[in-house]
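Written out below as structure tokens is the structure these notes cover.
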Amino acid sequence: MDPRIAQALAITPASRARERTIDITTTGARTGRARRIEVWFYRVDEQVYLSTSPASRSWYANILANPEFLFHLKHGVRADLRAIGTPVLDRARRTAVFSAIVDDLNQPWNPAGIRQPVEPVEEWVAVSPLVSIRFPDLEESDRATPEGDPR
């Protein structure tokens with residue numbers, strides 16, 4: 001994997017809002033048309049997720065209907081990554097991921113500039129969309145790198 005892409009995806013709780021900000025292009029659930037919007041992504045336990053504060057979101061409906069979409073990195077490196085979104089429905093996993101996200105957003109130094117405190121975790125678990133992201137092309141490139149190769 002390109003080290004610049006790996007670095008852009010390796011956000012931490014100390015990452016600023018700009019570093020978390022991406023665009024995604026989904027296929028409309030009803031229209032079948034490309035829809036590009038700006039969102040934040042999160043990383044918990046080395047896994048990339050899309051979510052938002054508790055609400056219904058059209059991007060989530062689009063990913064449910066058409067799991068393949070484009071994940072556009074735009075800070076530090078510009079790259080359009082083919083992505084596959086899988087909704088996280090298991091309550092225990094949702095609770096673990098949202099606990100990390102809410103803790104991240106409620107940091108005292110507030111790197112993302114969000115008004116605090118962020119809603120309780122239980123509200124996020126109950127009604128926020130949560131999508132786990134895979135990057136098939138990046139997975140394939142990692143498998144194709146010979147063992148011992150520093151790439």
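Quick note: the coordinates plus some simple rules give every number you see, no bench work behind them. What you are looking at is a predicted structure, and each value in this text was computed from that prediction instead of being measured. So basically every Cβ, Gly included, is an ideal-geometry build from the backbone, and we count neighbours across all protein chains shown.
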- [ ] Sticking with the crude label model, points 7 Å out along Cα→Cβ, report the distance from Ser99 to Asn66 in nm, one decimal please.
- [x] 3.7 nm
Open item on the list: Taking the beta-carbon count within 10 Å as an exposure proxy, list Asp104, Asp23 from fewest neighbours to most.
Closed with: Asp23, Asp104
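Take the alpha carbon gyration tensor of the chain, find the square roots of its eigenvalues, order them as a ≥ b ≥ c, and report rounded if a/c is under 1.5; if not, report prolate when a/b exceeds b/c, else oblate.
Values: a/c = 1.63, a/b = 1.21, b/c = 1.35.
Oblate shape, in that a/c is at least 1.5 and b/c is the bigger or equal ratio.
Could you line up Thr26, Thr31 from fewest to most neighbouring Cβ atoms inside 10 Å? Mind dumping the intermediate values first?
Details: Thr26 25, Thr31 9.
Lowest count first: Thr31, Thr26.
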